[in-house]
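The values are calculated or read from the model by the stated rules, or taken from the named source; none is laboratory data. From a predicted model like this one, the values you see are computed outputs, not experimental measurements. Here Cβ is always computed from backbone atoms with ideal geometry, including for glycine, and neighbour counts include all displayed protein chains. When the accessible area is computed, the model is the full protein with side chains, heavy atoms only, and any ligands, DNA or RNA have been set aside. Shrake-Rupley method; radii C 1.70, N 1.55, O 1.52, S 1.80 Å.
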Amino acid sequence: MAQERKKYNIVIAGAGVIGSALALHLSRLGYSIALLDIKPASFAAATPERVIALSEGSSRYLKFLGVWD
């Protein structure tokens, strides 16, 4: 029995803040996206010690996507 291959318009390597935001935006534009990362997906709350710095442009982009909050 042959396994069917999935086809994607775009493959993004890295599911960090930028890769995930880009995947969300492109999927909303109708593209089929494969988002790859070395670590398994985790939706657990982040620890308070984890800090990232974002530029004003990045925060505006995340607000545009509706994920800033």
Residue 18 accessible area, assembled protein chains, probe 1.4 Å, Å²: 120
Matching label, mean projected area of the Cα convex hull in nm² computed from the structure shown, candidates (1) 5.0; (2) 10.3; (3) 6.6: (3)
Residue 6-residue 68 FRET efficiency (beta carbon distance; Förster radius 30 Å; 0.05 resolution): 0.45
Would you mind working out the accessible area per residue for the chain, using a 1.4 Å probe, and quoting it in Å²? 90
Length added when fully stretched, residue 52-residue 34, from 0.36 nm per residue minus Cα-Cα: 4.0 nm
For the chain, which whole-number percentage of the solvent-accessible area (1.4 Å probe, protein heavy atoms only) is attributable to carbon and sulfur atoms? 57
